[in-house]
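The values are calculated or read from the model by the stated rules, or taken from the named source; none is laboratory data. Bear in mind that the values here come from a model prediction, so they are computed numbers and not experimental data. Using ideal geometry, Cβ is built from the backbone for each residue, glycine included, and neighbour counts are taken over all protein chains shown.
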Amino acid sequence: MGKSWTIVYRPGRAAAKRPCRWLPRRGAEFFVRTAHDTRGLTARPFVGMCLTALWYHARGTRAGRSPDVQWRFPDVKKPNMGKGASDARHLAAMETALFAQHLPVLEHMAVVRYDDGDARQPGWIRLGTLGSAWTMDVKDPQSEMAFRLVDQSVDTLWNTAALLLGCEEAPWVRDPYLAPKGRQKKS
């Protein structure tokens, strides 16, 4: 852990004139002292700040003694699905009578494994209107690609989406909003 700071909390006008401090890049511990207790806050880069310790002033100063109440920093890591995950090809039910002619669209949104067994991140669609025309945005987060369809009829739009998702020559273009935040260009 990095450096430690003690911050005195004063309610009222004095609090409005306090200087601001940016969090350090390596993390830090902050101690906020109030009239009745001292609170220990732990800051971690790219994770946040969390209350981790509490000292009551009725038992003396915090110097040299362990906290009266102590908490662990919460674990915010996502669980790794890995190889132990389900071997199902899709998670949602694919049986349908209404969309039987549009199975490539449903497969785009529900299939989590390719035919060769590799894991796949399912895509999504967004259906909307643009004036008097219907629009469908088809997104594929794994390849960071997307395409948009526009037509006067919603039936033709669904048929075109099923045709394009079923063939290998779909008009995919790179979508900058699907790129992970760390890889986007800083401007």
Per-region count, region 114-136, residues farther than 15 Å from LEU164 by Cβ and outside any strand (DSSP E or B)
10
Name the pairs: first residue in region 53-74 and under 13 Å from PHE31 (Cβ atoms) and in contact (Cβ under 8 Å) with a residue 12 or more places away in the chain, second residue of a type in the set (Phe, Trp, Tyr) and surrounded by fewer than 14 Cβ atoms within 10 Å (Cβ to Cβ), Cβ to Cβ under 8 Å, at least 6 apart or on different chains?
ALA53/TRP71
Out of all the residues in region 125-141, is one or more hydrophobic (A, V, I, L, M, F, W, C), under 28 Å from the mean Cα position of the chain (by Cα) and surrounded by fewer than 15 Cβ atoms within 10 Å (Cβ to Cβ)?
yes
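For (1) closer than 30 Å to PRO176 by Cβ; (2) at pLDDT below 75; (3) part of a strand (DSSP E or B), each residue gets a yes or a no:
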residue	(1), (2), (3)
THR42	no, no, yes
PHE46	yes, yes, no
LEU51	no, no, yes
MET81	yes, yes, no
HIS108	yes, no, no
VAL138	yes, no, yes
Quick check on region 58-79: of everything there that is at pLDDT below 80 and of a type in the set (A, V, I, L, M), which residue is farthest from GLY166 (Cα to Cα)?
ALA58
Do we find a residue being over 21 Å from ALA88 (Cβ atoms) and surrounded by 12 or more Cβ atoms within 10 Å (Cβ to Cβ) anywhere in region 115-122?
no
Give region 103-131 a look and list any residue that's among the charged types (D, E, K, R) and touching a residue at least 12 places away in the same chain (Cβ under 8 Å), or say none.
GLU107, ARG113, ARG120, ARG126
If we keep just the residues of region 36-56 that are of a type in the set (Phe, Trp, Tyr) and within 16 Å of SER66 (Cα to Cα), which is surrounded by the fewest Cβ atoms within 10 Å (Cβ to Cβ)?
TYR56
Just for region 140-187: of the residues that are in contact with a helix residue (DSSP H, G or I) (Cβ under 6 Å, 6 or more places away or on another chain) and part of a loop (DSSP other than H, G, I, E, B), which one is modelled with the lowest pLDDT?
ALA170
